[in-house]
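Values in this text are rule-based calculations from the coordinates and carry no lab data. Everything numeric here is computed off the predicted structure, so don't read it as measured data. Cβ sites come from the backbone with ideal geometry, for glycine too, and all protein chains shown count toward neighbours.
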Amino acid sequence: MMATTIYVPCDTTARSLGADAVAARLTRAAERLGVDIQLKRNGSRGLFWLEPLVEVETATGRVAYGPVAPTDVDALVDAGLFEGRQEHDLALGDIEAHPYLARQQRLTFSRIGLTDPLSLEDYTARQGFAGLKQALALTPQGIVDEVKTSGLRGRGGAAFPTGIKWQTVHDTPAAQKYIVCNADEGDSGTFADRLVMECDPFMLIEGMTIAGLAVGATQGYIYLRSEYPLAQAMLDEAIVRAEAAGYLGDNILDSGHAFHLEVRLGAGAYICGEETSLLESLEGKRGLVRAKPPLPAIEGLFGQPTVVNNVLSLAAVPLFSTRAARPTPTTAWASPAAPWRCSWPATSPVAGWSSWPSAPPCAS
Amino acid sequence: MSHPTPQPADTALAAQLQAVIDQHAARPGAMLPLLHAIQAQHGYIPDAAVPMIAEALRHTRAEVHGIISFYHHFRTHPPGRHVIQVCRAEACQAVGARALEAHVKSALGVDYHETTADREFTLEPVYCLGNCACGPSLRVDDEIHGRMDAAGFDRLTAQLSATVVEVK
Amino acid sequence: MLQYFEPDASHAAQFARDLGTPARFSETQVALSIDGHSISVPEGTSVLRAAALAGITIPKLCASDNLEAFGSCRLCAVEIEGRRGLPASCTTPVTEGMAVITQNARLAKLRRNVMELYISDHPLDCLTCPANGDCELQDMAGAVGLREVRYGFDGANHLDAETDASNPYFSFDPSKCIVCSRCVRACNEVQGTFALTIEGRGFDSKVAAGQNEPFMDSECVSCGACVQACPTSTLMEKSVIEQGVPEHSVVTTCAYCGVGCSFEAQMKGDQLVRMVPYKGGDANHGHSCVKGRFAFGYATHKDRIKEPMIRDAIDQPWRAVSWEEAIGFAARRLREIQTQYGRESVGGITSSRCTNEETYLVQKLIRAAFGNNNTDTCARVCHSPTGYGLKTTLGESAGTQTFDSVMQADTILVIGANPTDAHPVFASQMKRRLRQGATLIVADPRRIDLLKTPHGGKSLHLPLKPGTNVALVNALAHVVVTEGLEDHDFIARRCEGDAYQQWRAFISEPRNAPEALEAETGVPAAKVREAARAYATAGNGAIYYGLGVTEHSQGSTMVMGIANLAMATGNIGREGVGVNPLRGQNNVQGSCDMGSFPHELPGYQHVADPAVREKFEAVWHTPLDDEPGLRIPNMFDAAIAGTFKALYVQGEDIAQSDPNPARGVGPARAGLPDRAGHLPQRDRQVRPRAAARRHLPREERHLHQRRAPHQPRAQGDAAGGRKGGLGGHPGPGQRPGLPDALHPSVRDHGRDRQPHADLHRGQLRQAGKTRQYPVAVQRRLPRRHADHALAGLPHRQGALRDH
Ligand SMILES: Cc1cc2nc3c(=O)[nH]c(=O)nc-3n(C[C@H](O)[C@H](O)[C@H](O)COP(=O)(O)O)c2cc1C
Ligand code: SF4
Ligand code: SF4
Ligand code: SF4
Ligand code: FES
Ligand code: FES
């Protein structure tokens, strides 16, 4: 008999609610019962009121249970969790059919919750690095044009057209240019960037690499807030794996192009989410806002032309070069009317601070 | 006028610091990675590190001091065995972070930036751990805990202290 | 009546105003309108500065035209047509066609609100504040019409912060601080010391010295730039706290060092209250060091001589007399001496701390009134090797650049100088250039502070052994010529072909290779090669050298070596390059230009040239002596010998600054003037000096003769003593004018070991020189000069024994 695949999310929130203990107890229960299971740590689907959300792979799809406290595990197992039986109170049935997910069209978040964030196999099995391959076939200007046509606007707050920003960096001659990812996500109530980094880090890596190809930058930095230790660990590991597999480094996929990536930690200063303070901080200074002009696109990190984009902006990039998945400019992310970063609902779509956009929290 | 670089009294400490400094000094924008590395090694940035960092990165002591004090993540005093950070940001406040904060302070008998007398815990504020959906949140060392309340906190600290006893 | 020099009023007015942000230089002019006035300014200029240039004042607190804009106070907000919000004018550059409004109700309200917030955390003790009447915060509160503070004064504030009075010259009272960062930026950008920071952030922000320690314990060098920058009384001169705000000022020049900073001496009546560096000063552009700014006690020091004094003999007390009597006395005694002992028996020394005009007049007095050429200057001591070496090689005895030129240098080679200590204000400028990324090479036994420039670019230290300057410069040149780094085009156009080839052949010899000289200089060959490449291949390579080169046994030779290196690499004749002596006093160049040397009339024109003399005779209406006069050491020799009887000394303390104080003071005691008076000759006092002479090393005694018997006529350290012969005449391969000749003489590696017979014609002078002069300097170095000695004088006795 083939091993049953069980999913227990590994993002910060699931873990903050005991997902690690749940996973450990599931393993112990399987050993106790002599059941062959494969425990996979996936990303979170974002249904946090249901976390830890345990899923079981069945012939008819993934069925879920949640919220599962460590103390619920034994009862769940006894009620046939390993077989995907749906008798227990916490059983949620086919998770894809859950009303909260059913009415969403997920693009940037299409893999999140489904895959093991650090599995290159999972990533490539779901369109991962297709965008990069597509981009390698284009000229830098070609990539910039694609991004322009997509209508992507910055997800960091100001909704500035990403393609135009890239064009400026592309057009500014310099021996060294940089791609900087703004992962300082400081506003309370926002954590979509965190989810991307913890649950689908390769997507961000791919987006940044494409940005590098587009503007001629060979070095990227992810400026990550120090309050996200798990995101740091995930990104660091993902970078190591991507490098080993040839997606990063001196010769990306044998293309002759180089792109290096490094995570740099912030240190507890909200203002460093503002892009010019962020650059100061990356340079090792006090994070004081710089006067603009000069624009970072012209004089950015270490005085060199620099793309500064939010995590979600960069993470969305791989989609644009894969024409099939390309959204129309009317898609939410291209809308200047809704430029603000999505917030996730609190425990349930109705609880807490429902004035924040709640449903669908993140079309992107 | 040239000022002699003040020498750290503790030469073992100096050697440790120098090793970390040498490891990071050549990186572009080395300051923050270096400070993080020192804090990872010692739990804080010893005063003695400041002139050494300044020398290695061609800064002055004043600048390094200004940088360290700008970033609230960096400590300048040794912390307790565990650092507990309570989220004070809006989303957590909306679901009871203030009550939790009050409980934590009285349970530990310390205010923010203080360390318990047994040097077990140092208490610090933090502004959002990205766990807003399931607040109140707090962080103990690198672990984040959600939906935290007074009882949960007491269980947590009991566990942490117990672990210490076990280790001993 | 005494008349002060006042720079012309429009010049002074130009610098009296703070235009808010630094000037920008651009070919492109940008036209805009401000409050309806059209104005055109260079691209990159801020709106704030453009407005100031148009005569429109925008309130400001955190901006100052010697600091890059910071944009923190928001008082300078303006409205710009077509733009959202109220941008800060200090950080907003002008754009073509921009229409700016600086005053309207909305702006007035914003500014009042900003001021209100500032004042809500500021003590309200203006009446008793030392800055009352000289406070920008006060001015701005007035300018924006602040009438009330709605927040009250009970909230959290900083009013109890403690004053730091550790610095002897200024105090720091943080309760008055508005955290505008001007002090921090001044320390960084203007002075380059980076002693200050803002500690913490937000409400907790405060100015801190070092690691939040008293100023005196920090890296602070007390230059006072922060004090000058502070818009409040937070950083305040103690002299102003004690004496009150000054009410008028006089522009003057600092006489402490070779930079020559201009100052406004700010006074209250005739009391000097503070010295504020003058923005219009070309040498300092409004900056100064601790000495010029704070060490002005001399102005009122009790030792200061305020009236003419005379005495007949050294054992008599000084008598204060009227100017008439003093002048009459001096003139009469000089005449008497000349009558009795001959025209040649008197002379004078001009001062490098005096103005061109003053120096010119003294040498004219000597040449035209005394009727001889016995004039010399204190530059004899510090930089006559420069004068001689540069004249010989470049054709002019002047350094080639202004200080500002360093801002265009790409590689800066500093030899035997320690600018942060000895030329602090220039060092600040140099450090600014180093922060912009220029490469620094220091050839000095000491690891000077310049090498530790915070945020400096690449730097290279060549810690040569004392006494091996020439070997090092030859090794550098060797790399240049053997690695193909010469500027052939420059050499072809500007250098003398034969001389150059001769020099090139010599310098290419393997014995000049850095490897061959490694043992001699102590500098690893690889470093020398790296330095030579960095200098030769930099777009602009500039050499700065000091007394470590000149007050040295191979001073002139080394200067020539430096000039040759510069010419071989084409690093001469434009901004950012050049051969730049760092002088000991503020007007060494001027005093030389003005004809202070015994062999040259003003403008380095030789006294032996009849055409030259004719020119001067026509103007001065008197015949002039055609023979070079006595140099300072000759004067003392002659005094000891009894033939030189009176000396007119302008602003110099020969007892302090001449190489052998015993030899200087001795003759003075022996009968030469001490300060402004004249002394009778007292033979008995000569005897001790003669005795002293016998204690000198044998090889130095010739210095006391007008011409050493074994020396050829043409020798002499620097351009010429009269009895030394032709010194200063254009030598072989030398024409007047700019870089002409590479002198083929830079051959000995710092110790003249070659017998004279080995030398080519034309090198004798240098050969003789290296044997002759500096040993004396070295041996008799007064203690205070020990630093300079470290810089380049041979310490090892071996070096002496070689002679
Ligand atoms: C005070 C302040 C805080 C900001 N914080 C963030 C942040 O946490 N994350 C972010 O992506 N952008 C933040 N921004 C916006 C950035 O300055 C910048 O616009 C953005 O990174 C550009 O990326 P985008 O074009 O992809 O949106 C902040 C801006 C300000 C003024
Ligand atoms: S006096 Fe000069 S060196 Fe000292 S803090 Fe002020 S600006 Fe810096
Ligand atoms: S001390 Fe003066 S210059 Fe410095 S921040 Fe305070 S007010 Fe500004
Ligand atoms: S640098 Fe020299 S001239 Fe300028 S203030 Fe200082 S001592 Fe005076
Ligand atoms: S507000 Fe507390 S975790 Fe975000
Ligand atoms: S003067 Fe422009 S912001 Fe302060």
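Checking each residue in segment C:263-283 for being near ligand 4 (Cβ under 9 Å from one of its atoms) and either farther than 17 Å from C:HIS11 by Cα or assigned to a strand (DSSP E or B) (or both) picks out C:PHE263, C:MET275, C:PRO277. Scanning segment C:63-84 turns up one or more residues that are in contact with a Gly (Cβ under 9 Å, 6 or more places away or on another chain), polar (S, T, N, Q) and within 16 Å of ligand 3 (Cβ to nearest atom). Does segment C:95-114 contain any residue that is within 16 Å of ligand 6 (Cβ to nearest atom), within 14 Å of chain A (Cβ to nearest Cβ) and either among the small types (Gly, Ala, Ser) or more than 30 Å from C:GLU148 (Cβ to Cβ) (or both)? For segment C:95-114, residues within 16 Å of ligand 6 (Cβ to nearest atom), within 14 Å of chain A (Cβ to nearest Cβ) and either among the small types (Gly, Ala, Ser) or more than 30 Å from C:GLU148 (Cβ to Cβ) (or both): absent.
Residues in segment C:216-235 that are away from ligand 6 (no atom under 16 Å from the Cβ) and under 27 Å from the mean Cα position of the chain (by Cα): C:MET216, C:SER218, C:GLU219, C:CYS220, C:VAL221, C:SER222, C:CYS223, C:GLY224, C:ALA225, C:CYS226, C:VAL227, C:GLN228.
For segment C:230-285, the set of residues classified as more than 16 Å from ligand 2 (Cβ to nearest atom) and touching a Leu at 6+ places or on another chain (Cβ under 7 Å) consists of C:GLY258, C:ALA265, listed by residue number. The listed residues are A:TYR100, A:TYR123, and the only one of them that is away from ligand 4 (no atom under 16 Å from the Cβ), surrounded by 18 or more Cβ atoms within 10 Å (Cβ to Cβ) and within 14 Å of another protein chain (Cβ to nearest Cβ) turns out to be A:TYR100. Of the helices (runs of 4 or more DSSP H) that lie entirely inside segment C:427-540, those containing 2 or more residues that are out of contact with any His (no Cβ under 6 Å at 6 or more places or on another chain) and surrounded by fewer than 20 Cβ atoms within 10 Å (Cβ to Cβ) span C:488-494, C:497-508, C:514-521, C:525-537.
Looking at C:CYS76, C:CYS126, C:CYS90, which one is under 36 Å from the mean Cα position of the chain (by Cα) and away from ligand 2 (no atom under 16 Å from the Cβ)?
Checking each option against the conditions leaves just C:CYS90.
Looking at segment C:55-65, can you tell me whether even one residue there is more than 16 Å from ligand 4 (Cβ to nearest atom), surrounded by 14 or more Cβ atoms within 10 Å (Cβ to Cβ) and more than 24 Å from C:SER233 (Cβ to Cβ)? Looking through segment C:55-65, at least one residue is more than 16 Å from ligand 4 (Cβ to nearest atom), surrounded by 14 or more Cβ atoms within 10 Å (Cβ to Cβ) and more than 24 Å from C:SER233 (Cβ to Cβ). If a residue has to be over 19 Å from the mean Cα position of the chain (by Cα) and either within 11 Å of another protein chain (Cβ to nearest Cβ) or buried (at least 19 other Cβ atoms within 10 Å of the Cβ) (or both) to count, how many in segment B:104-147 make the cut? Of the residues in segment B:104-147, 8 are over 19 Å from the mean Cα position of the chain (by Cα) and either within 11 Å of another protein chain (Cβ to nearest Cβ) or buried (at least 19 other Cβ atoms within 10 Å of the Cβ) (or both). Within segment A:182-192, identify whether any single residue is away from ligand 5 (no atom under 16 Å from the Cβ) and either buried (at least 18 other Cβ atoms within 10 Å of the Cβ) or under 30 Å from A:GLY268 (Cα atoms) (or both), and answer yes or no. Yes; the residues of segment A:182-192 include at least one that is away from ligand 5 (no atom under 16 Å from the Cβ) and either buried (at least 18 other Cβ atoms within 10 Å of the Cβ) or under 30 Å from A:GLY268 (Cα atoms) (or both). Could you check segment B:63-168 for helices (runs of 4 or more DSSP H) lying wholly inside it with 2 or more residues that are within 16 Å of ligand 1 (Cβ to nearest atom) and of a type outside the set (Lys, Arg)? Once the helices (runs of 4 or more DSSP H) in segment B:63-168 are filtered for at least 2 residues that are within 16 Å of ligand 1 (Cβ to nearest atom) and of a type outside the set (Lys, Arg), what remains is B:90-94.
For (1) within 16 Å of ligand 6 (Cβ to nearest atom); (2) within 12 Å of another protein chain (Cβ to nearest Cβ), each residue gets a yes or a no:
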{"residue": "C:VAL144", "(1), (2)": "yes, no"}
{"residue": "C:GLY155", "(1), (2)": "no, no"}
{"residue": "C:PRO168", "(1), (2)": "no, no"}
{"residue": "C:SER181", "(1), (2)": "yes, yes"}
{"residue": "C:ALA186", "(1), (2)": "yes, no"}
{"residue": "C:GLY192", "(1), (2)": "no, yes"}
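Checking each residue in segment B:25-62 for being assigned to a loop (DSSP other than H, G, I, E, B), more than 10 Å from chain A (Cβ to nearest Cβ) and farther than 29 Å from B:PHE121 by Cβ picks out B:ALA25, B:ALA26, B:ARG58, B:THR60. Restricting attention to segment A:291-305 and to residues that are assigned to a loop (DSSP other than H, G, I, E, B) and crowded, with 21+ Cβ neighbours inside 10 Å, the residue that is nearest to the other protein chains (Cβ to nearest Cβ) turns out to be A:GLY300. Figure legend. Inter-residue proximity from segment C:354-367: first residues under 21 Å from C:TYR256 (Cβ atoms), second residues aliphatic (A, V, I, L, M), beta-carbon distance below 6 Å, spacing 6+ or different chains. Indicated pairs: C:ASN356/C:MET594; C:THR359/C:MET594. For residues that are away from chain B (no Cβ under 14 Å) and touching a Ser or Thr at 6+ places or on another chain (Cβ under 6 Å), scanning just segment A:208-267, find the one that is surrounded by the fewest Cβ atoms within 10 Å (Cβ to Cβ). The qualifying residue surrounded by the fewest Cβ atoms within 10 Å (Cβ to Cβ) is A:ALA258.
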